[in-house]
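Following: one structure in structure tokens, then a few remarks.
The values are calculated or read from the model by the stated rules, or taken from the named source; none is laboratory data. Here the structure is a predicted model, which means the values were calculated and not measured. Cβ placement follows ideal geometry from the backbone for every residue including glycine, while neighbour counts extend to all protein chains displayed. Please note that ligands, DNA and RNA were not included when accessible areas were found on the heavy atoms of the full protein model with its side chains. Shrake-Rupley method; radii C 1.70, N 1.55, O 1.52, S 1.80 Å.
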Amino acid sequence: MITEIQIAPSILNADLADLRSAVENVATADWLHLDIMDGHFVPNLSFGPAVAKALKAHSRLPFEAHLMVTNPEFYIEPFRQAGAARMIAHAESTVHLHRLVQMIKASGLEAGVALNPATPLNTVDLVLPDLKIVLLMTVNPGFGGQSLIPGVLAKIRELRHKIATAGFDCRIGVDGGIKRETAKEVIAAGADFLVVGTYLFKNKEDPARVIADLKQLGNG
Ligand code: DX5
Ligand code: ZN
């Protein structure tokens, strides 16, 4: 099967004192993945719309905001104004997932939903026709550099089956612990969108080569 794999660098584990170089070095990727953490939904803080806006001036990639925050609806407009093209909100962060997805779409942005490892896949069933991506967390969110939780592979397979059966135009993203070996596993299970942090930014290899190598894994 030939699948076009998309790569979205997560700058969380890049050199935070030199984010400009980090985004410039991954210009051959498909998306830039911004991990937005509020210290409530996840036990960590990262960055906000001002940082996204500053980086947008140095990248031609579309930006996606992975909202690991409570009250995600408060952040749609600020990140839209900062230049993001897609919002990925956590299903666990709202009791009104359908409303949240409609709000994102009404803002003219692509909508995505992220699921924590222990969240059942059927949580997204109702909104699946509205989504451009389901981001299956392959680690518990909050920190870069963790190991992939193998139990999520079955979830990827099940989602691939659901999307193929219904014929939806929706990517299956994975986020956390992606390196060459785990990339092969998640791609074999049906993922076609890889968020990559540590493996890209704490690697001696040139990021462009790492990106090209990961993308060609879909050709197998
Ligand atoms: C985890 C974040 C990820 C993460 C990916 O909370 O959503 O995007 O930083 O980083 P690695 O590839 O280091 O696991
Ligand atoms: Zn992320």
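Could you work out which residue, out of ILE76, ILE163, ILE178, moves most in a Gaussian network model of the chain, that is, has the largest mean-square fluctuation with Cα springs under 10 Å?
Fluctuation is largest for ILE163.
Using a 7 Å offset from the Cα along the Cα-to-Cβ direction at both PHE168 and ASP18, what is the distance between the two label points in nm, to one decimal?
It works out to 4.1 nm between the two label points.
Any lysines with Cα under 21 Å of the LYS202 Cα? List them, leaving off those in the same chain fewer than 8 positions away.
Within the straight-line cut-off, LYS202 pairs with LYS179, LYS184, LYS215.
Based on Cβ point charges of +1 for Lys and Arg and -1 for Asp and Glu, what charge dipole magnitude is obtained for the chain about its Cα centre, in debye rounded to the nearest 20? Could the numbers behind the result be given before it?
Details: 21 positive and 23 negative charges, 38 e Å.
Roughly 180 debye for the chain.
How much of MET103 can a 1.4 Å solvent probe reach, expressed as accessible area in Å² and rounded to 10?
80 Å²
Tell me the label-point distance for the pair ALA118, ARG180, using the 7 Å Cα-to-Cβ offset, in nm and rounded to one decimal.
3.5 nm
As a test question: what accessible area, to the nearest 10 Å², does THR198 have when a 1.4 Å probe is rolled over all protein chains in place?
Accessible surface of THR198 is approximately 50 Å².
Taking 0.36 nm per residue of sequence separation and subtracting the Cα-Cα distance, how much length would be gained by fully extending the chain between HIS161 and SER147, in nm to one decimal? Let's see the in-between values first.
Details: separation 14, 0.36 × 14 = 5.04 nm, distance 2.52 nm.
Full-extension gain reported as 2.5 nm.
For the chain, take the convex hull of the Cα atoms, compute a quarter of its surface area, and give me that in nm², please. Provide the component values of the computation, followed by the final result.
Details: hull surface 43.2 nm².
Mean projected area for the chain: 10.8 nm², to one decimal.
Let me check I've understood the local charge: for MET137, count other residues with C-beta under 13 angstrom from its C-beta, Lys and Arg +1, Asp and Glu -1. What total comes out? Mind dumping the intermediate values first?
On the way: positive: LYS155; negative: ASP35, GLU92, ASP175.
Charge balance in the 13 Å sphere: -2.
Just VAL196, VAL186, VAL95 to compare: in a GNM of the chain, with alpha carbon springs under 10 Å, which one fluctuates most?
Of the options given, VAL95 has the highest mean-square fluctuation.
The range 170-220: which trypsin sites (Lys or Arg not before Pro) are DSSP loop and have at most 13 other beta-carbon atoms within 10 angstrom? Don't skip to the answer; put the middle values down first.
Details: sites: ARG171, LYS179, ARG180, LYS184, LYS202, LYS204, ARG209, LYS215; in loops: LYS179, LYS202, LYS204.
Listed in order of number, the matching sites are LYS202, LYS204.
For the range 49-137, run through the trypsin sites (Lys or Arg not before Pro) and keep only the ones in DSSP coil with at most 10 other Cβ atoms within 10 Å of their Cβ.
Listed in order of number, the matching sites are ARG60.
State the extension gain, in nm to one decimal, for the chain segment bounded by ALA27 and ARG99, taking 0.36 nm per residue of separation less the distance between their alpha-carbons.
On the way: separation 72, 0.36 × 72 = 25.92 nm, distance 3.38 nm.
Additional length available on full extension: 22.5 nm.
How much mean residue ellipticity at 222 nm does the chain get from its helices, if each DSSP H run of length 4 or more adds -39500 (n - 2.57) and you divide by all residues, to the nearest 500 deg cm²/dmol? Each step should come with its number before you reach the end.
Details: 8 runs with 70 residues, N = 220.
Roughly -9000 deg cm²/dmol at 222 nm, from the helical runs in the chain.
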